Structure formats: structure tokens, C-alpha cells
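This report refers to the structure that appears directly beneath it.
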Amino acid sequence: LPPESLLTIGSPEHATLKGRSILYQWPVVGWCHGVVEAANTDRRRKVGGEVANAIVYYEIDGEHGAHALTLLQYGTDVDSTWVLLETDGSGEEEAEEGHEDGVTVMTGAEFEPLLSK
């Protein structure tokens, strides 16, 4: 699990959300890759009554979505779950099979252990 401070508006770690990659499971569409474009700091911006802590860009539809990411929804088996993709440390190196732009690309089989936690 990521540290709770990463999701807490106003914490120093919250600002480091910007640029991080996530996978988010939408109710109808399923899993989509997104990139956090901003660590939201405006407590007036809400999603489903909860304060949004991240603005995520989804290349699949070119849209931005505000999210109230929580640890309770992290890696669960219900809709609106999400996981944080960690960099593999390859940086600017040439992408290898299974890696793109320094982000580990996970297959469906690799998600199963995350979802069973």
C-alpha cells in the first residue's frame, strides 16, 4: 500500500502524486491507465461527496477525472478500485518488453495478487 500521506491534501508527499501512473477500474469500462496531472489542493472540489485529492488524465479518451483516492479502495475487487504503478528504475533507457517509459506494465495475471489482498 502507498503511504496515507501520499493521499493527504497538504502533506509534503501529496505533491509527489503529480506525474505518477495509476490504473483505475471504472464500473463499466474496466481498468484504464491514467497519469496524475495534479495533486488537487482545492478542498471545494469533490467527487461523490468526498474531497478530490488527484486530477488524472486518461489517454484512452483524452479526459481528465477528479478522484478521491483512498487506501480503502486500493487494490480491492470492487469498482472504483485503483493501484499505483511504480517505476522500474529504467528512466530514459530504451523500453524493454513489458516496460514503457520507465513504468512497469502489468498484465491481467499480474493484477490477480493485487486484487486478492
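Go through GLU37, GLU100, GLU86, GLU93 for me and flag whichever is under 13 Å from the mean Cα position of the chain (by Cα), modelled with pLDDT under 90 and open to solvent by 50 Å² or more (accessible area, probe 1.4 Å).
Every option except GLU86 fails the conditions.
For THR81, only one of the following conditions fails: (1) open to solvent by less than 20 Å² (accessible area, probe 1.4 Å); (2) out of contact with any helix residue (DSSP H, G or I) (no Cβ under 8 Å at 6 or more places or on another chain); (3) polar (S, T, N, Q). What is its number?
Failing condition for THR81: (2).
Which one is farthest from THR70 (Cα to Cα) among residues in segment 1-14 that are loosely packed, with under 14 Cβ neighbours inside 10 Å and over 14 Å from the mean Cα position of the chain (by Cα)?
Checking each candidate, the answer is PRO12.
The values are calculated or read from the model by the stated rules, or taken from the named source; none is laboratory data. Computed from a predicted structure; not experimentally measured. Cβ sites come from the backbone with ideal geometry, for glycine too, and all protein chains shown count toward neighbours. Ligands, DNA and RNA are excluded from the accessible area calculation, which covers all protein heavy atoms including side chains. Shrake-Rupley method; radii C 1.70, N 1.55, O 1.52, S 1.80 Å.
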